[in-house]
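J.: Structure provided below as structure tokens; questions to follow.
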Amino acid sequence: MQFVDYLSILSRWTHIAAGILWIGLLYFFNFVNGPFAGTMDGDTKKKVVPELMPRALYWFRWGAAYTWITGVLLIYFVFESGNVFLANTSGGSAGSIVVLWSFILAPFIYDALAKSPLAKNPKVFTAIMFVLVVAVLWVMETVCGFGYRGMVIYMGAMFGTTMAYNVWYRIWPSQQKIINGVKTGNPADASVVALAGSRSKHNTYMSVPLVWAMINSHHAPMASNCDWGITSIFILVGWAAVMLVYKKAAKIKGF
């Protein structure tokens, strides 16, 4: 084995471990801490929030950072260098460039839409985002010549990059204001709280197809029967599962 092979293995190991840390805390915030926070009175929040949240958010944001960094390395080591992302050689270099830019630009397109009036209607916003994702999947397969694994991993890169952007540039700055507001007794503006909550919820929905992409090699045998359309269905199934878990989380009570 060459040095690059060891680096690839180390990147994959770190990618999964950091992803567990990141996504685990994301689910804790949304399915456990969110419903629990609503049961605390002002004095309890003033004691618990400044101690708990900075600790949890430290591991949360750095888990996101290392998951993203190692994910980009894996795209190069496994998919670019190994040339296993293409189903055929047609459109190769041009196709990879298009998709490369798609996952780099994805957070900014998403952020613009999330700040637009369209985001005020969750159903409309979700439908628009789904259509955009499906369009990219279609382009990757039919225009760029990507095979199943390449299509799925770049889909994961789009979701992961968007989620990491949310963590560092929307959720973490908002949470700093919220935590300081609780600590000082001067609550953060309602818009700040809403921003942190909505972006965290968006990340929760994106996390399920992201995990699907992270384990792509384990469902690669189905690649011959799975195209952009079936992959789109899996995204919807994942989002439906998240919706059900949100409903269940709101019903679970303490003793």
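The values are calculated or read from the model by the stated rules, or taken from the named source; none is laboratory data. Nothing here was measured: the structure is a model prediction, and the numbers come from that model. Glycine also receives a Cβ, built like all others from the backbone with ideal geometry; neighbour counts cover every protein chain displayed. Surface accessibility is based on the protein's heavy atoms, side chains included, excluding ligands, DNA and RNA. Shrake-Rupley method; radii C 1.70, N 1.55, O 1.52, S 1.80 Å.
J.: Can you pull out the helices (runs of 4 or more DSSP H) entirely within the stretch 10-128 that have at least 2 residues that are at pLDDT 95 or above, of a type in the set (G, A, S) and within 18 Å of the chain's Cα centre (by Cα)? Even if it seems obvious, please write down each step before you answer.
T.: Values: elements: 34-37, 42-74, 92-114.
Correct list: 42-74, 92-114.
J.: Right, another one. Applying the selection to the stretch 193-205, what residues are open to solvent by less than 20 Å² (accessible area, probe 1.4 Å) and not charged (D, E, K, R)? First the steps, then the outcome.
T.: Within the stretch 193-205, the first condition is being open to solvent by less than 20 Å² (accessible area, probe 1.4 Å), and the residues that meet it are 196, 199-200, 203-204.
Matches in the stretch 193-205: A196, S200, N203, T204.
J.: In addition: Please go through the stretch 125-140 and give me each residue that is farther than 16 Å from M206 by Cα and open to solvent by 60 Å² or more (accessible area, probe 1.4 Å), ordered by number. Outline the logic, then answer.
T.: Pass one, the stretch 125-140, residues farther than 16 Å from M206 by Cα: 135, 138-140.
Scanning the stretch 125-140 gives a single hit, W138.
J.: Another question, if that's okay. Suppose we filter G229, G238 for residues that are more than 25 Å from N33 (Cβ to Cβ) and either modelled with pLDDT under 95 or open to solvent by less than 30 Å² (accessible area, probe 1.4 Å) (or both); which single one remains?
T.: On the way: G238 fails: more than 25 Å from N33 (Cβ to Cβ).
Result of the check over G229, G238: G229.
Okay, residues lined up against (1) touching a residue at least 12 places away in the same chain (Cβ under 8 Å); (2) touching a Leu at 6+ places or on another chain (Cβ under 7 Å); (3) over 21 Å from Y154 (Cβ atoms):
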{"site": "A164", "(1), (2), (3)": "yes, no, no"}
{"site": "W172", "(1), (2), (3)": "yes, yes, yes"}
{"site": "A194", "(1), (2), (3)": "no, no, yes"}
{"site": "Y205", "(1), (2), (3)": "yes, no, no"}
{"site": "L210", "(1), (2), (3)": "yes, no, no"}
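J.: (1) exposed (fewer than 13 other Cβ atoms within 10 Å of the Cβ); (2) of a type in the set (S, T, Y); (3) under 16 Å from I171 (Cα atoms): which one isn't true of Y6, the others all being true?
T.: Result: Y6 passes all but (3).
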